[in-house]
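Asker: Take this structure first; my questions come after.
The values are calculated or read from the model by the stated rules, or taken from the named source; none is laboratory data. Keep in mind the model is a prediction, meaning the values are calculated, not measured. Please note: Cβ atoms are built from the backbone with ideal geometry, for glycine as well, and neighbour counts cover all protein chains shown. We work out accessible area using only protein heavy atoms, side chains counted, and drop any ligands, DNA or RNA first. Shrake-Rupley method; radii C 1.70, N 1.55, O 1.52, S 1.80 Å.
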Amino acid sequence: MATGLMKTVGAGELRASDVDSSVVLAGWIARRRDHGGVAFLDLRDSSGIAQVVVNPEDAPADEATINGLRLEYCIQVEGRVRLRPEGMENTELPTGAVEVVASKLTVLSTADPLPFSIDERADVDESKRLQYRYLDMRRTRMAENLRARSRVIQAMRSVMDSEGFLEVETPTLIASTPEGARDMLVPSRLRKGTFYALPQSPQLFKQLLMVGGVERYYQVARCYRDEDFRADRQVEFTQLDFEGSFWGQEDVLETLEKICTAVVSDIRGVELATPFERLTYDDAMDRFGTDKPDLRFDMEIVNLDEVFASTEFKAFAGVLADGGTVRGINGGALGLARSGLDGLVSRAQELGAKGLVWMVVEEDGTLRSPVAKFLSDGELAAIIDALDAGPGDTLLIVADRVRVVRTVLGELRLGIGRPEGNNELAFAFVVDFPVFEVDDDGSLAPAHHPFTAPASLDELVNSPATAVSKAYDLVLNGAELGSGSVRIHDPEMQAKVFEVMGISDEEAEARFGWFLEALRYGTPPHAGFAIGIDRLVSILRDEPNIREVMPFPKTQTGADPLTGSPGRVDAAQLAELGIDIRSEVREEWAEEESGDEDGVGA
Ligand code: ASP
């Protein structure tokens, strides 16, 4: 670690080879034990932990100071490194062979009693951890996550740099970018009544950089989307955003492979095989029921329509006659008792299916199932064949509309599947996304931002519901790590796409006129991508949510328990901005305050 005048070495760096050297350490007291009048301190700094022996007989400090040393005091220790006495080594600690005998100890800062223990084993409520994030990050988990995050970003930067990308910053006070979420707005004081939007992504600026001849751009970009919170969502998050000119889809995917292999090699010490698997959107939906398949295990969804084409089993026949489908998965040797199987049926119902048919293959190869008696021998044999089933396997079958069957089997698959072999990180690309997602009521919602090139403009205009775009996603272990696309570089096509997306000429001109104009000045073909850094780091660190890898995240309700944001501002500030708070909101405040004895809400 970097040292300086206050310390000569990191506490975690001491080894047996340092024995007899004089060192100066500085850090925090992580533990104190007293034996026979001698204090043993675990001194922790960002590099690790070293044991310090404070013997009052050596007079490293006056007695009152030594007696007063408490946990998390920030101290400096000068001393000599020696081997720990035989039998006292700590093999769990990299520095466990040695200790430092203090010849001088200085308290740099005292610490009040802490709101929670820094000891890793103490279970602390997350809101407390966020309120005292600066203490939480003294704990190993957060400290290591922050280090991993830094290394991930560093590895990304180094790939981008060696591939000739220019790091360019784009503004964060901008006009709205249409990524499909609500904008976070910032009022302007100089032009009262007007607002900046914080970028949902640097999308339009990176495209302008391509018009500007930059050719290869990247940025570790902060993005803002005012969406409801979920485990893997925050209003504020970070992307590795990049774009290239004279580029098509394959150039982007190959760059992504370079970035991901470098990052994983650094963080996990694993060399990923390339090329990553590439699936079309339709393929992913058919085989895994989702556009972000978890490929750590197979358990593919199998279409059984043929098997039941002339079935007498009414439930299946009715669905097929209505244009639905019958599909199943082989869940493998689940070994579930009846109650477990019933649990799967309830889960399928929660997910929207009318029911779930389960079948267990017996030792003799016959199928045990509540519906077996309604199926012919030929059908039973064909099911076993189609699902490649053997004794002990549990088969799960759903008959419904395609969308429901995919969702239900896709989710059940995730619930019962387990990574196979040492296939811990399954990266894949999903390509050929549709332009629109079709809702149950048949309405169309754009699947990507409107600057994404359609595979064919004709197809988009004539059959929008099935039109394919040049958009692609990167997925890892069932999570979407990011998306990108080949962009539209022809202003006429852009105008047409706005029209199909339901953005009128007037609206397009008012919101994006400046961008449409830019496209008219010799725009190179270009394509790009954005990787969600928070999500990538959380998966690489096996963390359950992205807050664990963000230094100062918000809670699920968008609040920051540390600084109290979002907070009210005083009337003078609002007046300067020409903003008045509506009376119904003031009434809500008044109600809150009457129940808020401390008045901390103001
Ligand atoms: N701007 C897009 C996003 O933030 C990524 C891209 O198309 O490059 O998802």
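Asker: How many of the residues in region 456-477 are within 16 Å of the ligand (Cβ to nearest atom) and either in a loop (DSSP other than H, G, I, E, B) or at positive phi (or both)?
Answerer: Residues meeting the conditions: 1.
Asker: Which of the residues spanning region 163-210 are outside any loop (DSSP other than H, G, I, E, B), more than 15 Å from the ligand (Cβ to nearest atom) and over 16 Å from F242 (Cα atoms)?
Answerer: Keep residues of region 163-210 that are outside any loop (DSSP other than H, G, I, E, B), which gives 166-167, 174, 185-187, 195-197, 203-210.
Still in the running and more than 15 Å from the ligand (Cβ to nearest atom): 166-167, 185-187, 195-196.
Within region 163-210, L185, V186, P187, F195, Y196 qualify.
Asker: Exactly one condition in (1) modelled with pLDDT of 95 or more; (2) within 19 Å of E543 (Cα to Cα); (3) part of a helix (DSSP H, G or I) is false for Q154; which is it?
Answerer: It is condition (2) that Q154 fails.
Asker: Just one of (1) touching a Ser or Thr at 6+ places or on another chain (Cβ under 8 Å); (2) at pLDDT below 95 trips up V357, so point out which.
Answerer: Single failed check for V357: (2).
Asker: A follow-up question, please. Within region 211-225, take every residue that is assigned to a loop (DSSP other than H, G, I, E, B) and open to solvent by less than 60 Å² (accessible area, probe 1.4 Å) and give me the one that is farthest from the ligand (Cβ to nearest atom).
Answerer: Within region 211-225, the first condition is being assigned to a loop (DSSP other than H, G, I, E, B), and the residues that meet it are 212-215, 225.
Imposing the further condition that a residue be open to solvent by less than 60 Å² (accessible area, probe 1.4 Å) reduces the set to 213-214, 225.
On the way: G213: 19, V214: 15, R225: 9 Å.
Restricting to residues being assigned to a loop (DSSP other than H, G, I, E, B) and open to solvent by less than 60 Å² (accessible area, probe 1.4 Å), the top hit is G213.
Asker: Hey, another quick one. Are any residues in region 483-494 open to solvent by less than 40 Å² (accessible area, probe 1.4 Å) and away from the ligand (no atom under 16 Å from the Cβ), and if so, which ones?
Answerer: The answer is P491, and nothing else.
Asker: Okay, moving on. I'm told M501 meets every condition in (1) open to solvent by less than 50 Å² (accessible area, probe 1.4 Å); (2) more than 16 Å from the ligand (Cβ to nearest atom); (3) under 30 Å from Q234 (Cβ atoms) except one. Can you identify the failing condition by its number?
Answerer: Just one mismatch for M501, condition (2).
Asker: Right, next: In region 226-257, how many are part of a strand (DSSP E or B), over 22 Å from I488 (Cβ atoms) and touching a strand residue (DSSP E or B) at 6+ places or on another chain (Cβ under 9 Å)?
Answerer: The total comes to 4.
Asker: Among the residues of region 525-564, which ones are more than 24 Å from D473 (Cα to Cα), at pLDDT below 95 and surrounded by fewer than 12 Cβ atoms within 10 Å (Cβ to Cβ)?
Answerer: T557
Asker: Let me spell it out: the conditions are (1) away from the ligand (no atom under 16 Å from the Cβ); (2) over 19 Å from K206 (Cβ atoms); (3) not small (G, A, S), and E517 meets all of them except one. Which number is the exception?
Answerer: (2)
Asker: Scanning region 239-254 for residues that are farther than 14 Å from E163 by Cβ and within 11 Å of the ligand (Cβ to nearest atom), which turns out least open to solvent (accessible area, probe 1.4 Å)?
Answerer: Looking at the filtered set, the residue picked out is D241.
Asker: Is it fair to say G48 is surrounded by 14 or more Cβ atoms within 10 Å (Cβ to Cβ) and within 21 Å of A2 (Cα to Cα)?
Answerer: On the way: surrounded by 14 or more Cβ atoms within 10 Å (Cβ to Cβ): yes; within 21 Å of A2 (Cα to Cα): yes.
Spelling it out, G48 is indeed surrounded by 14 or more Cβ atoms within 10 Å (Cβ to Cβ) and within 21 Å of A2 (Cα to Cα).
Asker: Tell me which of these R278 doesn't satisfy, since it passes every other one: (1) within 16 Å of the ligand (Cβ to nearest atom); (2) open to solvent by 20 Å² or more (accessible area, probe 1.4 Å); (3) not β-branched (V, I, T).
Answerer: Here R278 meets the rest and fails (1).
Asker: Checking the condition within 16 Å of the ligand (Cβ to nearest atom), part of a strand (DSSP E or B), of a type in the set (D, E, K, R) and modelled with pLDDT under 90, which residue from E437, E480 passes? Write out each step before concluding.
Answerer: Details: E480 fails: modelled with pLDDT under 90.
After applying the criteria, what remains is E437.
Asker: Could you pull out the residue among K258, K292 that is at pLDDT 95 or above, out of contact with any Leu (no Cβ under 8 Å at 6 or more places or on another chain), open to solvent by 60 Å² or more (accessible area, probe 1.4 Å) and within 16 Å of the ligand (Cβ to nearest atom)?
Answerer: Numbers: K258 fails: within 16 Å of the ligand (Cβ to nearest atom).
Matching residue, one of K258, K292: K292.
Asker: Hey, another quick one. Kindly provide the set of residues from region 392-449 that are surrounded by 18 or more Cβ atoms within 10 Å (Cβ to Cβ), among the charged types (D, E, K, R) and under 30 Å from T177 (Cα atoms), ordered by number.
Answerer: D432, the sole residue that qualifies.
Asker: Related question: If you take the residues in region 504-524 that are surrounded by fewer than 18 Cβ atoms within 10 Å (Cβ to Cβ) and of a type in the set (F, W, Y), which one is farthest from S443 (Cα to Cα)?
Answerer: Per the stated criteria, the residue is Y521.
Asker: Does region 29-41 hold any residues that are surrounded by fewer than 20 Cβ atoms within 10 Å (Cβ to Cβ) and either touching a Phe, Trp or Tyr at 6+ places or on another chain (Cβ under 9 Å) or without any contact (Cβ under 8 Å) to a residue 12 or more places away in the chain (or both), and which are they?
Answerer: Result: R31, R32, R33, D34, H35, G36.
Asker: So, in region 508-564, how many residues would count as being over 31 Å from the mean Cα position of the chain (by Cα) and farther than 30 Å from F427 by Cβ? Walk me through how you get there before you give the answer.
Answerer: Step one: list which residues in region 508-564 are over 31 Å from the mean Cα position of the chain (by Cα), which gives 508-510, 513-514, 516-524.
Of the ones still in play, those that are also farther than 30 Å from F427 by Cβ are 508-510, 513-514, 516-523.
Qualifying residue count, region 508-564: 13.
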